[in-house]
1. Quick one: what Rg and Dmax do you get for the chain from the alpha carbons, in Å?
2. Which residues make up the longest stretch of the chain that has no trypsin sites (Lys or Arg not before Pro) in a DSSP loop with at most 11 other Cβ atoms within 10 Å?
3. Restricting the calculation to Cα positions, tell me the Rg (one decimal) and the Dmax (whole number) of the stretch 262-316 in Å.
4. Relative to the Cα centre, what is the charge dipole magnitude of the stretch 212-341, using +1 at the beta carbon of each Lys and Arg, -1 at the beta carbon of each Asp and Glu, and rounding to the nearest 20 debye?
5. Relative to the longest principal Cα axis of the chain, at what angle does helix 30-43 sit, 0 to 90 degrees, rounded to 10?
6. How high is the relative contact order of the stretch 170-265, in percent, counting Cα pairs under 8 Å that sit 6 or more residues apart?
7. Under a straight-distance cross-link criterion of Cα-Cα below 16 Å, which aspartates and glutamates are reachable from Lys201, leaving out those fewer than 8 residues away in the same chain?
8. Calculate how many DSSP beta bridges within the chain are antiparallel, expressed in % of all such bridges and rounded to the nearest 5.
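Derivation of every value follows stated rules applied to the coordinates shown; laboratory data play no part. As the structure is a prediction and not an experimental result, all values here were calculated from the model. Every residue, glycine among them, receives a Cβ derived from its backbone with ideal geometry; neighbour counts consider all protein chains shown.
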Amino acid sequence: MAKIDDVARLAGVSKGTVSNVFSQKRPTSKKVTERVLRVSRELNYVPNHIARSLVTKKTMAIGLTIPHGNFFFSAFHNQFINGVVLEASTYGYRVLLDMIAVEEVKTPSLASYPIDGAIVLGPTEEDGRIHLLHQNQIPFVTVGKIINEGIPDSSTVNNDNDQIIQDICTYLIGLGHRNMMFLNAGQQMTVSIERTEAFKKSLKEHQIELQPHMIHYKPYIHSDEYMKYGYNETVHILGTLKEKVTAIIADDDRTAFSAMNAIKDLGYSVPEDISLFVICGDLSMMHQITPSLTGMDLQPSELGVQSVRLLMHKLAVLDGEYQDQWIVNSKIIERSSCSSI
């Protein structure tokens with residue numbers, strides 16, 4: 001069986017160059033790459049990932065842990081995962097996607113996976129995944145704020161959730177909206193906690209009294225109400241309680257779509273009667289809906305890229321200085337679903 005030394009000798013390059021051609025960790029000229037690949041085919045050489053792991057004492061794999069329920073990945077998830085996988089491949093790393101059911105997060109299986117490090121998406125308060133990784137001394141990066149007792153909020157990639165909510169509230173209030181309803185994420189999620197505090201602060205800064213009907217939280221992921229969250233809350237507040245809400249802020253596109261259906265069923269129109277703003281939506285679809293949805297660009301792919309780079313720095317794959325807390329910028333994409341009163 002041909003070895004990397006054989007390929008390097010016949011191609012007239014170093015073993016490091018052969019390794020770079022296959023791992024793509026460093027750029028190699030087209031001429032050298034073609035020569036190495038041609039020699040490899042002639043010798044039937046295949047890079048052995050397992051053999052490389054034995055030499056380096058590393059698995060050359062990272063875990064991406066995503067708690068889930070009975071739902072498909074959103075566009076945000078898909079773009080984020082794509083960013084993680086593509087960036088990890090440039091360092092020669094594979095990505096082990098851990099689809100951990102919510103009720104199984106606290107089992108010890110996560111810590112036994114053959115990984116060098118992990119990326120934790122969507123952390124919750126006292127997140128079991130973070131506790132396990134910390135206890136087993138597995139390097140990890142969270143995409144979202146850490147709220148675990150005894151574990152500092154370090155090695156985190158995030159959007160500036162305080163600024164996001166402040167920007168949204170300022171935008172809607174500037175259009176004349178003062179009676180807003182916020183369909184937030186699940187109450188236990190750290191992103192939800194951050195956004196709740198930011199929403200309350202924004203209302204106070206604009207001298208708007210917080211009313212009981214203004215903030216809502218997505219139900220438990222396996223509950224029957226989860227998929228109908230946006231619809232049910234909108235019907236209850238606007239239809240049953242008859243609150244004069246003029247603007248709705250939805251956590252994600254699924255919630256926004258269901259809220260829009262409820263608004264139509266109640267005989268109202270978007271944006272003539274009620275403005276609708278989505279925080280985490282599919283940018284490729286927002287303009288295809290009537291009316292097209294105004295929302296935030298959270299740059300999910302960039303969140304994935306930066307989380308891998310931060311983890312590579314913790315694993316000593318990347319040299320130099322790197323911030324332990326990295327913020328990915330976001331901005332409002334204005335379309336047709338919000339209008340002035």
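1. Rg, Dmax (Cα atoms, Å): 23.9, 79.
2. Numbers: sites that count: Lys57, Lys242, Lys244.
The longest such stretch corresponds to 58-241.
3. 17.6, 59
4. Values: 10 positive and 17 negative charges, 36 e Å.
Using Cβ point charges on Lys, Arg, Asp and Glu, the stretch 212-341 gives about 180 debye.
5. Around 60 degrees separate the two axes.
6. Numbers: 111 pairs, mean separation 35.4, N = 96.
Value for the stretch 170-265: 37 percent.
7. Candidates past the 8-residue exclusion: Asp160, Asp162, Asp167, Glu209.
8. On the way: 5 of 42 bridges.
Approximately 10 percent, going by the DSSP bridge assignments.
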